[in-house]
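The block underneath contains the structure these notes are about, expressed in structure tokens.
The values are calculated or read from the model by the stated rules, or taken from the named source; none is laboratory data. None of these values were measured; they are calculated from a predicted model. Every residue, glycine among them, receives a Cβ derived from its backbone with ideal geometry; neighbour counts consider all protein chains shown. Quick note on the areas: whole protein, heavy atoms, side chains included, nothing else; ligands and nucleic acids left out. Shrake-Rupley method; radii C 1.70, N 1.55, O 1.52, S 1.80 Å.
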Amino acid sequence: MLVGAVVLSLVGGFAVGSGFGLAAIGLAALPLALFVLPRLSRAAGLAAGYFAIEVPLALLLLSTLVFRIRDAESLADNPLDSAALYRLACVGGAALLGCLTLLRTPIRAERVATPPAVLFYAGYVAVVFLGAPLSLNLQLTAYRGVELAVGLLVIVAAVSYAGREAVARLERGLFLFLVLLVLSVWIGVVVFPGQAIGWGNSPIPFQIQGVLPVVSSNGVGETGALLLLWSLAARVSGRSGGVWNVTVMALGAVTLVAGQYRTGYFALAVALMLLLVTRGRRLLALLAALAVVATLAWSASSITRAAEPYLLRGQTREQAAELSGRVRLWENSIPVWRESPLLGKGLLTATRFEVLARLGYGTVSTIHGTWVEALVGTGIAGVSLLVLFLVSLWRSALRDLLSRQGLVYPAMILAFISVRSITGPSFEVFGVSMLLLLVLAYRLALTGGRRGMRHVANA
């Protein structure tokens, strides 16, 4: 190992002398990560594998934060501005730590089999790279694939290194990030109210958004709903309780309402109904459904008039019917997809440069729909693999939800993200939802394996 460090140092010095600064930084980071970081973690009393699990996950999550908004033209002219370099550094650091984790001796003897959902997603990432040469901007599309690949690498490497323990620690890291993100939004409301609070003509006259970092109102509502569902499901499962659990639930609920995320309301209702139906409260769910039907039949018009202002949120009925303009965007995406139906024309690149920019939405980064985004960007091949990924997750999540000893939160989170995928970006692009679903795939694989072991023991 000492010889290896010396060789890397010599090659790094040659790289500096040749003007390859980035290569030198990368080579210098290798001995640092191999020899220094593990010793620092032990000296600081950190958990074993801290730089293999928490640190790379934190780097990935930090890379998702947005600190500036750019239009398509400025993105094409200068893709590597200071904010982009920050994101690139985070992703690069996570990739380095992920690769090194794969080379290290696991701290747990147990082996966690790779879930089918993860394999399907790996196939989807491969399709992103295959379709990159067909896009208008090869480098930008390829980088989208790199982000997805690094996210996949970090999760797989962490689980291969620490097994079941890694899954639990990854879950804690994701949950803590959601809490901190919501807190940053409310801090922005207090410190920068003029930027964080938007006013409109609706029964709830305000709508909040994140300032530092920038978080859209829909993103605020989504994060709040995820916290609400996750903490509620943990309480139902008897795995969490107390003041912390109730506080996070309340924080999530208030944040969802303040963000006025309409898709979030519907997705939350779907997840809660799923919980009622499957967790021994079928009669309560049936009575609730009958009450809703009876109320609608008795006074449909008055209920509609009462609920309409909240659902429209200041828009006209025509605008709501068009899903706030999404239908028009989707219609204009189909001709672009037909130019390359099998592999698409580049994830995010095709929709942003060939659809959104041409329609005058230069600062909008996605087409606001997972399946349309994936279809235009990765074609039939990519969408098919995403469908298999989602179906595989649902199969495992429902099996767990229907079991009295199974977990609740994977199915509830999956229900929420599945509904959100209709009108917003989710697991087709790199982000929190993508990382969360990959971790849930491993969690569900572990609980399924545990049930299988019980069945064998009982036989």
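The figures follow:
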read-out	value
Packing rank of 434-441, 177-184, 223-230, where each peptide gets the mean count of other beta carbons within 10 Å, highest leading	223-230, 434-441, 177-184
Principal axes of the stretch 89-162: Cα extent on each, largest first, Å	47, 29, 14
Per-peptide average of other Cβ atoms within 10 Å, ordering 104-114, 358-368 highest first	358-368, 104-114
Inter-centroid distance (Cα atoms) of the stretch 365-412 relative to the stretch 81-129, Å	20
Size descriptor, Kirkwood hydrodynamic radius, that averages inverse alpha-carbon separations across the stretch 342-386, Å	10.2
Semi-axis lengths, Å, the stretch 326-404, gyration tensor of Cα atoms, sqrt of 5 times eigenvalues	30, 14, 9
Accessible surface of the stretch 97-174 [probe 1.4 Å, protein heavy atoms]: carbon and sulfur percent	66
Ordering of 259-270, 372-383 by burial proxy (mean other Cβ atoms within 10 Å per residue, highest first)	372-383, 259-270
The stretch 112-184 - accessible surface per residue (Å², probe 1.4 Å)	35
Selection from Leu228, Val179, Tyr161 lying farthest towards where the dipole of the stretch 124-251 points positive, charges on Cβ	Tyr161
